[in-house]
1. Quickly run through the stretch 19-34 and pick out the residues that are farther than 12 Å from LYS52 by Cα and open to solvent by less than 30 Å² (accessible area, probe 1.4 Å).
2. Where in the stretch 35-141 are the strands (runs of 3 or more DSSP E), entirely inside, with at least 3 residues that are open to solvent by less than 50 Å² (accessible area, probe 1.4 Å)?
3. Specify the residue that is farthest from GLY103 (Cα to Cα); the eligible residues are those in the stretch 40-81 that are more than 20 Å from the chain's Cα centre (by Cα) and of a type in the set (S, T, N, Q).
4. Are any of the residues in the stretch 105-113 over 24 Å from SER183 (Cβ atoms) and of a type in the set (A, V, I, L, M, F, W, C)?
5. Could you please let me know if ILE166 is in a loop (DSSP other than H, G, I, E, B) and touching a strand residue (DSSP E or B) at 6+ places or on another chain (Cβ under 9 Å)?
Amino acid sequence: MYSTTDFKRGLKILMDDTPYEIIEFQHFKPGKGGAMIRTKLRNLLNARVVDKTFRSGEKVGRPNIEHREMQFLYIEDTNLVLMDMESYEQYYMSKENTDGKEGFLKDGQHVKIMLFNGEPLDLELPASLVLEVTHTEPGAKGDTVSNVTKPATLETGITINVPLFINIGNRVKVNTETREYLSREN
């Protein structure tokens, strides 16, 4: 069991047999009575966000969540097909659960998967990935200082904005959370 004093961003809790992740929390003390904790929770099963207020010291459950290293195999219809690296068992995970992270996956890539009662819920990507640019407009020579950007399609199919000097075939480092260009790699 977790107490409200244990709350922090990213903590997974169990309420009404459903796993939630704490997105935001704020302690406040109304004019009279004890302190309260106002939270914004994301349902890990359907990605809905709910607001919930807890009394200070209230207890919530700890979900049966485990993390496993898996290999991304391919996308089939609306599901990702993953393979457990220890048992070689295949898992199917809905694209909806990934919150757009499937756009960074390459066939054969190793990812950490969050399982709730044996079912895949979410995947964890590294903070940044190096991907190759497969399509972009040609850049102008000498345009390395300005802050002007252009769209570029990466090898996994996602499109990000990159500086003008990036060309097809360049490898770029991308922040997986913000989908922003970080740097050019050699």
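The values are calculated or read from the model by the stated rules, or taken from the named source; none is laboratory data. This one's a predicted model, so the numbers in the text were calculated from it and none came from an experiment. Positions of Cβ are backbone-derived with ideal geometry, glycine not excepted, and every protein chain shown enters the neighbour counts. For the accessible areas, the whole protein counts, side chains as well, though only heavy atoms, and no ligand, DNA or RNA atoms are used. Shrake-Rupley method; radii C 1.70, N 1.55, O 1.52, S 1.80 Å.
1. Hit for the stretch 19-34 is PRO19, nothing else.
2. Fully inside the stretch 35-141 and qualifying: 36-43, 65-76, 79-84, 90-94, 110-116, 119-124, 128-136.
3. SER56
4. Checked the stretch 105-113: at least one residue is over 24 Å from SER183 (Cβ atoms) and of a type in the set (A, V, I, L, M, F, W, C).
5. Spelling it out, ILE166 is indeed in a loop (DSSP other than H, G, I, E, B) and touching a strand residue (DSSP E or B) at 6+ places or on another chain (Cβ under 9 Å).
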